[in-house]
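Trainee: Mind having a look at this structure? Questions to follow.
Only the coordinates and a few stated rules stand behind these numbers; no lab work does. Predicted model, so just to flag it, every value in this text is computed and none were measured.
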């Protein structure tokens, strides 16, 4: 596995570099912007543990399954 390529791909998608988060950090978002974000983020937070559970249950690599399980426990 080429970890340098994986790290580079992740770095390209750095959440805090997104224009929305840049505007948030700069205090440029309106209350409506934040309200919309909160409504959308709620769906992710509500469903993420079940998604993670599905990934865990279908993972065939014991070491990875353990890491996913630890993450799942933190989510619940």
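Trainee: Pulled fully out, how much extra length does the chain show between residue 58 and residue 70, if you take 0.36 nm times their separation in residues and subtract their Cα-Cα distance?
Mentor: Difference between extended and current length: 2.8 nm.
Trainee: I'd like the orientation of helix 62-75 relative to the chain: the angle between its Cα long axis and the longest Cα principal axis, in ° from 0 to 90, rounded to 10.
Mentor: 40 degrees
Trainee: For the Cα atoms of the chain, what angle does the longest principal axis make with the long axis of helix 3-12, in degrees from 0 to 90, nearest 10?
Mentor: So the inclination is approximately 20 degrees.
Trainee: Let me ask you something else. Please compute the Cα-Cα pair-distance distribution of the stretch 3-75 with 5 Å bins starting at 0, giving whole percents from short to long.
Mentor: Calculated over all Cα pairs of the stretch 3-75, the distribution is 3, 13, 14, 14, 20, 17, 11, 6, 2, 0 percent.
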